[in-house]
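The values are calculated or read from the model by the stated rules, or taken from the named source; none is laboratory data. Small disclaimer: the values here were computed from a predicted structure and weren't measured. Here Cβ is always computed from backbone atoms with ideal geometry, including for glycine, and neighbour counts include all displayed protein chains.
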Amino acid sequence: MASIYSVIEETVRIDTGLGTVYGTLAIPERAWGAVLLADGTGRVQYHPHDECIAASLQDLGIATLVIDLLTPEEEDSDDNVSRRRLDFRLLTERLNVATDWMNDNCECAGKDVRIGYVGTSLGSIAALRAAAERSDIAAVFSCGGRPDWAGDALPHVSAATLLAVGELDIAMVESNYAAYDRLERAFRREVAVIPQVADIFDTPEAINLVSKLASRWFVRYLGAAASTHRQQDIGRRI
């Protein structure tokens with residue numbers, strides 16, 4: 001189904017103070033929510049699943065920022081990629097700066113609208129760690145990652161959190177349920193097991209299913225957060 005919204009899209013450059021990262025910002029007409037899609041594996045432009053998830057959110061009027069948490073220089077060196085991928089503190093700080101940048105530069109991400117995170121692969125760890133540190137994150141969707149590696153940050157996540165994992169990767173299923181157990185403060189927590197795949201991005205069918213799950217999750221929890229904030233603002237004006 002074609003989107004009912006026209007979308008303005010541009011490549012953005014964000015100086016995090018810890019390296020310059022690049023992303024694709026897309027803002028639909030009359031956007032009512034905003035989601036950052038964070039990937040920590042490098043070469044995010046070659047990951048069609050990020051584009052598919054982002055497009056499904058844009059179709060619903062949600063602005064998206066697909067961001068690669070590695071710098072181009074780090075991606076050019078295999079040694080740097082391996083080292084930076086596992087530097088979760090660095091990736092989290094870059095995501096925090098990118099979130100502040102979106103608050104300042106995306107008109108729809110103002111005081112009436114809270115923000116969501118999609119974390120793919122190792123980006124899921126940065127997304128959960130950042131959500132644990134911030135009060136403005138309404139929802140998190142971790143897909144294809146190791147959320148249990150977020151460790152002691154998990155009990156501090158208050159955002160509604162959905163963890164997606166492939167049914168055939170038993171070790172990953174166990175790791176996602178281990179993370180679920182530690183998300184006791186989350187407004188809502190769920191595990192979605194994608195049937196008949198190990199990697200949830202293995203097939204177009206699986207990617208489409210993941211995109212639908214993301215859409216439903218953010219409509220439910222970003223929408224609720226936006227509505228709550230608007231009601232609070234109206235109450236303060238009366």
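The single condition from (1) surrounded by fewer than 14 Cβ atoms within 10 Å (Cβ to Cβ); (2) farther than 22 Å from Ser121 by Cβ; (3) of a type outside the set (D, E, K, R); (4) modelled with pLDDT of 90 or more that Val219 fails is (1). Looking only at segment 94-113, decide whether some residue is of a type in the set (Lys, Arg), modelled with pLDDT of 85 or more and out of contact with any Ser or Thr (no Cβ under 7 Å at 6 or more places or on another chain). The answer is no, given that none of the residues of segment 94-113 is of a type in the set (Lys, Arg), modelled with pLDDT of 85 or more and out of contact with any Ser or Thr (no Cβ under 7 Å at 6 or more places or on another chain).
Considering the conditions (1) touching a His at 6+ places or on another chain (Cβ under 9 Å); (2) closer than 15 Å to Ala206 by Cβ, Glu133 is excluded by exactly one of them, (2). Of everything in segment 173-203 that is within 19 Å of Ala214 (Cα to Cα) and among the charged types (D, E, K, R), the residue that is modelled with the lowest pLDDT is Asp202. When we screen Ala214, Ala179, Ala198 for residues that are among the small types (Gly, Ala, Ser) and touching a Pro at 6+ places or on another chain (Cβ under 9 Å), the only hit is Ala179. Return the residue satisfying two criteria in turn: it lies in segment 151-172 and is in contact with a Cys (Cβ under 9 Å, 6 or more places away or on another chain) and of a type outside the set (Gly, Ala, Ser), and of such residues it is farthest from Ala214 (Cα to Cα). Checking each candidate, the answer is Val165.
Would you confirm whether any residue within segment 184-207 is without any contact (Cβ under 8 Å) to a residue 12 or more places away in the chain and hydroxyl-bearing (Ser, Thr, Tyr)? Yes, segment 184-207 contains at least one residue that is without any contact (Cβ under 8 Å) to a residue 12 or more places away in the chain and hydroxyl-bearing (Ser, Thr, Tyr). Restricting attention to segment 23-57, the residues being in a strand (DSSP E or B), closer than 18 Å to Ala127 by Cβ and either β-branched (Val, Ile, Thr) or at pLDDT below 90 (or both) number 3.
Looking only at residues of segment 189-202 that are in contact with a helix residue (DSSP H, G or I) (Cβ under 6 Å, 6 or more places away or on another chain) and not in a strand (DSSP E or B), we find that the one that is farthest from Gly145 (Cα to Cα) is Val197.
So which of Leu69, Leu65 is modelled with pLDDT of 85 or more, buried (at least 17 other Cβ atoms within 10 Å of the Cβ), of a type in the set (A, V, I, L, M) and in contact with a Cys (Cβ under 8 Å, 6 or more places away or on another chain)? Exactly one residue qualifies, and that residue is Leu65.
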